[in-house]
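The values are calculated or read from the model by the stated rules, or taken from the named source; none is laboratory data. Everything numeric here is computed off the predicted structure, so don't read it as measured data. Glycine gets a Cβ as well: all are built from the backbone with ideal geometry, and neighbour counts include every protein chain shown. To get the accessible areas, we keep the full protein, side chains included, count just its heavy atoms, and leave off ligands, DNA and RNA. Shrake-Rupley method; radii C 1.70, N 1.55, O 1.52, S 1.80 Å.
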Amino acid sequence: LIVRDLERPGSKMHKKEICEPVTIVDCPEICVVGLVGYKPTVRGLRAVSTVWAHQLTEPLLRRYYRTWYAAKKKAFTKHTANYDANAAAREANLARIEKNATVLRVIAHTQPNKLKLGSKKAHVCEIQINGGSMADKLAFAKTLFEQKVSVDQVFQQNERCDVIAVSKGHGMEGVTHRWGVSRLPRKSHRGLRKVACIGAWHPSRVSYSVARAGQNGFHHRTEANKKIFKIGAEASKTDGKGNATTELDLTPKDITPMGGFCRYGIVNNQYLMLKGSIPGPSKRVITLRRPLGAQSSRLAREEVHLKFIDTSSKQGHGTFQTQTERAKFMGL
C-alpha cells in the first residue's frame with residue numbers, strides 16, 4: 001500500500017490523502033544478444049536474416065537444451081570460435097537486412113541468475129526497434145549487443161505501461177465458479193451447481209454463450225494503461241538509504257517488506273511500482289510494453305508524489321515498518 005496526495009482537479013478528493021494498493025514488479029536487466037530483420041509478404045512478415053552477438057551467456061544456451069548437465073553443450077560453439085573469420089558474411093547479412101527489411105527487432109533474454117526462481121534457463125523474446133531509417137535502427141541495435149538494458153531506459157515514472165502475462169490457473173472448474181451463475185434450489189436432482197437449461201430443442205446444438213464447465217485461468221491476458229508510481233533503484237546501490245524512502249518518510253528502508261514478499265522473497269534488483277494488480281501468481285514472467293494509444297487524458301498525465309510506502313509484514317497484521325523499529329519496540 002502507498003499513501004499520496006491526489007492531484008485531480010474537479011474531484012472531491014483533490015489535494016486529499018488517499019491510500020492505494022500497488023504491485024511490485026522485480027525488474028532485473030535484460031541482455032541483448034542479436035537482431036533479426038523482417039520483410040512483409042502476402043502471408044505476413046518473413047525473416048530476412050539473423051545476426052548474433054559474439055559472446056552468448058549460459059542462461060541463453062541452457063534454453064537450447066532440455067537437460068543441460070547431460071548435454072554436450074555444443075550450441076553456438078562454432079559461431080563463437082569463428083566470429084572474426086565470419087565477419088564478411090555477417091556484414092553481408094546486415095546489408096541484406098538494411099536493403100530488404102522493413103521491421104527490425106533485437107533478440108533479448110532475461111537473467112534468471114539474478115532471481116531466486118529455481119530456474120536457470122533464460123526467457124528469450126524479440127523487441128521491436130522503431131523510429132528513423134533502417135540504417136539508424138541497425139546502428140542503434142549493434143550498440144546494444146552484449147549490453148544490459150534496464151527498465152529505467154524504457155519506462156519513466158508517471159507514465160503508463162501495458163502488462164502482458166498468463167493469469168493464475170485454477171484447472172477444470174464448474175459453471176458456478178467459472179461463470180458465476182446462481183446455484184439451483186437445494187432439492188434439485190443430480191446436483192445444484194449447474195446450469196438448468198442449456199438451450200432449446202432447436203437449433204439442435206449448444207450455443208457458445210451458454211455457461212459450461214471447463215478450464216479456468218492460465219489464460220494469456222493483457223491489461224492496458226497501468227500507472228507507474230515509482231521506478232526503484234537496486235537495493236545495493238542506495239548507499240544505505242534504501243529504495244523505499246519518500247520526501248516525507250526518510251526512514252532508510254528497502255521495498256522488501258518485513259519477512260519478505262509472500263511466496264517470493266527479497267527484491268534486490270530494480271523494481272516497478274504499478275497501480276493495482278496484474279495477472280498471474282508470484283514468480284511468473286511478465287512482459288511490459290509501452291501503451292499502444294496516446295496517453296493524453298488528464299488521468300494519464302497526473303503526476304504522482306508518494307508520501308509513504310508501507311513495508312510492514314504481508315503475512316499478518318504488520319505492526320513494524322523496519323527491523324530497527326521492531327528491535328527498538330521489543331527492547332532487543
Could you count how many residues in region 211-228 are polar (S, T, N, Q) and under 30 Å from Leu299 (Cα atoms)?
2
Quick one: would you say Met258 is surrounded by 18 or more Cβ atoms within 10 Å (Cβ to Cβ) and assigned to a strand (DSSP E or B)?
no
Verdict on Gln321 being within 17 Å of Ile24 (Cβ to Cβ) and open to solvent by 80 Å² or more (accessible area, probe 1.4 Å)
no
Across (1) within 22 Å of Thr80 (Cβ to Cβ); (2) part of a helix (DSSP H, G or I); (3) of a type in the set (D, E, K, R); (4) within 22 Å of the chain's Cα centre (by Cα), Lys121 clears everything bar (2)
Testing Arg212 on (1) open to solvent by 20 Å² or more (accessible area, probe 1.4 Å); (2) assigned to a loop (DSSP other than H, G, I, E, B); (3) within 27 Å of Thr110 (Cβ to Cβ), one condition comes back false. Which one is that?
(3)
For the structure I just gave you, tell me whether Leu288 is surrounded by 14 or more Cβ atoms within 10 Å (Cβ to Cβ), under 30 Å from Asn216 (Cβ atoms) and modelled with pLDDT of 90 or more.
yes
Subset of region 54-88 (residues that are within 15 Å of His123 (Cβ to Cβ) and part of a helix (DSSP H, G or I)):
Glu58, Pro59, Leu60, Leu61, Arg62
Taking the conditions exactly as written (polar (S, T, N, Q) and out of contact with any Asp or Glu (no Cβ under 8 Å at 6 or more places or on another chain)), does Ser167 satisfy them or not?
yes
Every residue in region 29-45 that is within 30 Å of Arg284 (Cα to Cα) and either open to solvent by less than 30 Å² (accessible area, probe 1.4 Å) or part of a strand (DSSP E or B) (or both), please.
Ile30, Cys31, Val32, Val33, Gly34, Leu35, Val36, Gly37, Tyr38, Leu45
If Ala327 satisfies all but one of (1) open to solvent by less than 80 Å² (accessible area, probe 1.4 Å); (2) outside any helix (DSSP H, G or I); (3) free of Cβ contacts under 8 Å to residues at least 40 places away in the same chain, what's the number of the condition it fails?
(2)
Looking at the structure I just gave you, is Thr102 polar (S, T, N, Q), touching a strand residue (DSSP E or B) at 6+ places or on another chain (Cβ under 7 Å) and within 14 Å of Ala122 (Cβ to Cβ)?
no
For region 115-135, which positions are in contact with a strand residue (DSSP E or B) (Cβ under 9 Å, 6 or more places away or on another chain) and charged (D, E, K, R)?
Lys116, Glu126
Open to solvent by 40 Å² or more (accessible area, probe 1.4 Å), farther than 26 Å from Pro40 by Cα and among the polar types (S, T, N, Q): which single residue out of Asn100, Asn93, Asn86 fits that description?
Asn86
Name, by its number, the condition in (1) touching a residue at least 40 places away in the same chain (Cβ under 8 Å); (2) of a type in the set (Phe, Trp, Tyr); (3) surrounded by fewer than 16 Cβ atoms within 10 Å (Cβ to Cβ) that does not hold for Phe229.
(3)
Among (1) among the hydroxyl-bearing types (Ser, Thr, Tyr); (2) within 17 Å of Asp310 (Cβ to Cβ); (3) open to solvent by less than 50 Å² (accessible area, probe 1.4 Å), the one test that Tyr264 misses:
(3)
